[in-house]
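J.: Sending over a structure as structure tokens; questions will come in a sec.
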Amino acid sequence: MLFNSVPFIFLFLPIVFIGYFVIIKSAPSKKASIIWLVISSLFFYAFWNPMYIFLILSSIFVNYNIAKIFHANIDGKYKKIGVIAGVIFNVALLGYFKYVDFFIKNINGIFETDFALLYIMLPLAISFFTFQQIAFLVDNYRGEYEKNTFSSYALFVSFFPQLIAGPIVHHREMMPQFEDENNKNININNISKGLFIFIIGLTKKVGIADTVAIWANTGFQNYESLSTIDAWITSFSYTLQLYFDFSGYCDMAIGIALLFNIKLPINFLSPYKARNIQDFWKRWHITLSRFLTSYIYIPLGGNRKGEIRTYINIFIVFLISGFWHGAGWTFVLWGIFHGIASMAVRLWGIIGFKLPYWFSWIITFMFVNITWVYFRATSIEQANTIISKMFQFNYNYNYPLSSFFQKPLKIFEAAGQYDFILFKLDNPKIIVFTIITLLIITFITKNSIQLLDRFRTNIKTLLFSQVLLIGLVIIIFFIHKNSEFLYFNF
Amino acid sequence: MNAKKWLILFILSSIIFVAVPSAVVLGFNYYVDPLWNFDHKNKYNTLQASFNERQQKTNDISNGKFNYQSLLIGTSRTTYINQYEFQEKVYNYGLSGQSILEYPYYISYAQERNNQIFNKIYMEMTFSSFKSTTRMPMEHPDFYFEKSNALFYRYTSLFSYDTLQKSLDNINLSTNDKFRGHRAYHRNNVAITGREGNQVANELDKYAEEMKSIKKEKFPVNKKYNDILLTINNKFSDSEIIPFTDPIPVRKLAAMLEVEAYKEGYEKWYKEMVNHFPKVYSFQKISPITENLEYWIDDSHFTPEAGTMMIKALEDPKGNSNIITVVTKENVDMYLKNTFSELEKQIK
């Protein structure tokens, strides 16, 4: 059940929302509302695959009980064993479900063995709840803990707005909010803000990301036949898709949580405005960077153990980040590229190398745009082909460049089935105009977090939300297709 | 403006500008129902365009009260067979371009949805499916099953420009005096055609010309054919499977079998079928249907009238031996010999 699905918006969310406040008003126990949210979140999780509910429950149960050991008055040695066992448990769980087939494939490839693949379906959210719980365990081991109950811990792990795609929340910022009695009243202001940012997120996800995805998918599918222009359209489309998809989802998560008076951390802050890769990672998936810094980079020694170790630590963090994003060499390579770029930025900073603002911004954006090709590609060969086509001029059309905007783009022919009456999505004018407009939006306009900060209940915000909503409904109306089967001969 | 007022205005404007227009579209598409998700009938949906029978018939099965004694499965040819002409209650799951590789999936789906085990499964057998070029279509049957069973699909599919266009097409079809297209359906899964078949003779001439240019030494046999028939036999062993071969216009069959490789393949095909099924009901001999071009819409598709004659023959082969032959392991050689010699006489 995705946030942008009809069952979620029209059934699940209203029921959970109404149920939550009814329980707060009527139930004698203060815990009842938290338990209601836990049950709702587990239902939300089980809706995807009921079997994996046992996985998340056992993970919650094991981690909570290991953390409880740290609270007991026991020898430090046993605490250390506890934290190591806990981290191994989490990493092993993630490793088994996410990476085991990747390792089997590589072992078979290297040693010419024939171990059977397990074809394990990746449990939803496992990458997110594993990291959250590792942080919880480590902080409890360090003694940086506060009193908590099992129900609020279970909610911290499973809270449905952030469960499946982040942000990677920290127990210290979430559990006190669940317990805070001031958060248990209907807050009209938060509801207005929540709806406002939810609509922005929904528009980003459904209206924009899913539309540019049509070009990105078609381009990646036909990667061998791309011209230079097609290759750039493909890479920009994916760069935009990823941004609007992920940030849109995070906006929706923030909006949904606000309905329950819960504030989720900021995860995106105009990443394509970044002027170097370090800056980019302070703006893109901020909570992941926060986790990797606090629980990997700093424990490895951070920048405290000399320059070379600092570079090695940076590299390790990005290598892990790449591997965390997906079990494949394309992700590893993407992480390595970002690691090298981050090391370069540090080196340039130390030797005092400074580029003009606009130039460093262009280089950063182009670097991000090109490396996303590895992130999306199904093989390194596919990524290399697309990137090489981006830089080897090949027009590949049987009409002159001056007629480029006059005919539908052949490579994006499949997009032509999306008919918006006045135009179809294989129209080069529409493709180029949309990409440029969206890039400008990501480069210069205020982001959704800034819009939320400035949100006031006035006619301007009301109009803005309505325009988004109407635009969104129109796009859904035209994008929704029924497949056709017109082959009559047999 | 305070937050409460903002929220009330937001809800009100959303109702006026979003919910009401959306409801109009939803209501309109619901009334015409081009995707067959509901079962209401009215004067604007008496005729329905068949833009994708896989989705439409699967929706029909998923959402309606599906309770049939037997099932009919096959290609677009079988879509013209009127299911109500059978003496028992039969559902026609004939699908345009259905490959034999799809049969087990669609039969299984219909069986899962049915309240009882099918007594009989009438299964069309085509010579083309015995060719190695037989493929699954781009969309696997699971695609349609999943879509049809997705939560709220019946309602979400109504909010679409594409569905709206199909509704308008259906209103046009239903309110026009005469249907002139290839195929459209009544609300009860009965196909009609507006084609008059006056081009059939030309099409057959063209086909005969094409066949003359074919110089294949060996017929490319579908290597999966044996496995797929085994699967069907094993999987649906509780039902009686009635395999029947599609009628082919005499001139077409004669032209086809003049190619030695095809003749060889044709023989193999019959022998493969009788290896798996005790009886194969053939409509391919020279008969009133295969000889008379009035029973043809084009060189591949017979008319609904011929479909009704086929039903009667399947239900009573002895009484209709002029159009049907029951082919078994024992008589297959004789049947082929007779067919070939009759066709040769026909050519001469």
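The values are calculated or read from the model by the stated rules, or taken from the named source; none is laboratory data. Note that the structure is predicted; figures quoted are calculated from it, not measured. So basically every Cβ, Gly included, is an ideal-geometry build from the backbone, and we count neighbours across all protein chains shown.
J.: Yes or no: region A:444-464 includes at least one residue that is facing another protein chain (nearest Cβ under 9 Å), in a helix (DSSP H, G or I) and buried (at least 17 other Cβ atoms within 10 Å of the Cβ).
T.: yes
J.: When you go through A:319, A:258 one by one, which is the residue that is farther than 23 Å from residue A:208 by Cα, in contact (Cβ under 8 Å) with a residue 24 or more places away in the chain and either part of a helix (DSSP H, G or I) or not hydrophobic (A, V, I, L, M, F, W, C) (or both)?
T.: None of the other options fit; the residue is A:258.
J.: Follow-up. List the residue pairs whose Cβ atoms are under 7 Å apart, where the first residue sits in region A:443-471 and is more than 16 Å from residue A:244 (Cβ to Cβ), the second is of a type in the set (Val, Ile, Thr) and surrounded by fewer than 19 Cβ atoms within 10 Å (Cβ to Cβ), and the two are 6 or more positions apart or on different chains.
T.: These pairs meet every condition: A:469/B:18; A:470/B:18.
J.: Could you count how many residues in region A:406-424 are without any contact (Cβ under 8 Å) to a residue 60 or more places away in the chain, surrounded by 14 or more Cβ atoms within 10 Å (Cβ to Cβ), assigned to a helix (DSSP H, G or I) and away from chain B (no Cβ under 14 Å)?
T.: Adding up the residues that qualify gives 1.
J.: Oh, and also: Of the residues B:345, B:312, only one is more than 18 Å from the chain's Cα centre (by Cα) and at pLDDT 95 or above; which?
T.: B:312
J.: Moving to a separate point now. How many residues are within 14 Å of another protein chain (Cβ to nearest Cβ), in a loop (DSSP other than H, G, I, E, B) and either at negative phi or aromatic (Phe, Trp, Tyr) (or both) when one looks only at region B:40-99?
T.: 9
J.: Suppose we keep only residues that are facing chain A (nearest Cβ under 7 Å) and of a type in the set (A, V, I, L, M) within region B:1-19. Which one would you say is nearest to residue A:10 (Cα to Cα)?
T.: B:18
J.: Residues that are assigned by TED's automatic domain parsing to the domain that holds residue A:246 and acidic (Asp, Glu): does region A:418-426 have at least one?
T.: yes
J.: I would also like to ask the following. Every residue in region B:120-139 that is surrounded by fewer than 17 Cβ atoms within 10 Å (Cβ to Cβ), in contact (Cβ under 8 Å) with a residue 24 or more places away in the chain and within 14 Å of another protein chain (Cβ to nearest Cβ), please.
T.: B:131, B:133, B:135, B:136, B:139
J.: Please determine whether any residue of region B:101-119 is more than 13 Å from chain A (Cβ to nearest Cβ) and of a type in the set (Asp, Glu).
T.: Yes: region B:101-119 contains one or more residues that are more than 13 Å from chain A (Cβ to nearest Cβ) and of a type in the set (Asp, Glu).
J.: Just checking, how many residues over region A:8-24 are within 11 Å of chain B (Cβ to nearest Cβ) and under 21 Å from residue A:250 (Cβ atoms)?
T.: 3
J.: Go through region A:166-197 and count every residue that is within 14 Å of another protein chain (Cβ to nearest Cβ) and in contact (Cβ under 8 Å) with a residue 60 or more places away in the chain.
T.: 12
J.: Let me ask another. Here is a check on your reading of the model: is residue B:35 within 11 Å of chain A (Cβ to nearest Cβ), surrounded by 20 or more Cβ atoms within 10 Å (Cβ to Cβ) and outside any helix (DSSP H, G or I)?
T.: yes
J.: Among residues belonging to region A:68-111 that are of a type outside the set (A, V, I, L, M) and either in a loop (DSSP other than H, G, I, E, B) or in contact with a Gly (Cβ under 9 Å, 6 or more places away or on another chain) (or both), point out the one that is surrounded by the fewest Cβ atoms within 10 Å (Cβ to Cβ).
T.: A:73
J.: Which one is surrounded by the most Cβ atoms within 10 Å (Cβ to Cβ), of the residues in region A:142-193 that are closer than 16 Å to residue A:267 by Cα and among the small types (Gly, Ala, Ser)?
T.: A:166
J.: Here is a further query. Residues of region B:75-101 being closer than 18 Å to residue B:235 by Cα and crowded, with 23+ Cβ neighbours inside 10 Å, which ones?
T.: Answer for region B:75-101, where residues must be closer than 18 Å to residue B:235 by Cα and crowded, with 23+ Cβ neighbours inside 10 Å: B:93, B:100.
J.: Another question about this same structure. For region B:171-228, what are the residues that are more than 25 Å from residue B:128 (Cα to Cα) and of a type in the set (Phe, Trp, Tyr)?
T.: Of everything in region B:171-228, those that are more than 25 Å from residue B:128 (Cα to Cα) and of a type in the set (Phe, Trp, Tyr) turn out to be B:179, B:185.
J.: Quick one: which helices (runs of 4 or more DSSP H) sit completely within region B:171-275 and have at least 3 residues that are touching a residue at least 12 places away in the same chain (Cβ under 8 Å), surrounded by 20 or more Cβ atoms within 10 Å (Cβ to Cβ) and on the phi < 0 side of the Ramachandran plot?
T.: Answer list for region B:171-275: B:225-235, B:250-257.
J.: Now, a different point. Any idea which of (1) closer than 28 Å to residue A:443 by Cα; (2) surrounded by fewer than 21 Cβ atoms within 10 Å (Cβ to Cβ) is the one residue A:285 doesn't satisfy?
T.: For residue A:285, the failing item is (2).
J.: Which residues, counting only those in region B:271-304, are hydroxyl-bearing (Ser, Thr, Tyr), more than 21 Å from residue B:207 (Cβ to Cβ) and more than 21 Å from the chain's Cα centre (by Cα)?
T.: Scanning region B:271-304 gives no hits.
J.: Would you check if residue A:201 is among the small types (Gly, Ala, Ser), away from every other protein chain (no Cβ under 14 Å) and under 30 Å from residue A:467 (Cα atoms)?
T.: yes
J.: Being at pLDDT 80 or above and part of a loop (DSSP other than H, G, I, E, B) is the filter here, so list the residues in region A:384-396 that pass it.
T.: Within region A:384-396, A:392, A:393, A:394 qualify.
J.: So, of the residues in region B:144-161 that are in a helix (DSSP H, G or I) and more than 8 Å from chain A (Cβ to nearest Cβ), which turns out to be nearest to residue B:34 (Cα to Cα)?
T.: B:154
J.: Any chance region A:50-70 includes a residue that's at pLDDT below 90, among the basic types (Lys, Arg) and not assigned by TED's automatic domain parsing to the domain that holds residue A:152?
T.: No - not one qualifying residue is present in region A:50-70.
J.: Okay, moving on. Taking residue A:176 as meeting all but one of (1) under 17 Å from residue A:260 (Cβ atoms); (2) at pLDDT below 90; (3) in contact with a Phe, Trp or Tyr (Cβ under 8 Å, 6 or more places away or on another chain), write down the number of the exception.
T.: In the conditions (1) under 17 Å from residue A:260 (Cβ atoms); (2) at pLDDT below 90; (3) in contact with a Phe, Trp or Tyr (Cβ under 8 Å, 6 or more places away or on another chain), residue A:176 misses (3) alone.
J.: While we're on this one: Within region B:162-183, can you find the residues that are within 14 Å of chain A (Cβ to nearest Cβ) and closer than 24 Å to residue B:303 by Cβ?
T.: B:169, B:170, B:181, B:182, B:183 - these are the residues of region B:162-183 that are within 14 Å of chain A (Cβ to nearest Cβ) and closer than 24 Å to residue B:303 by Cβ.
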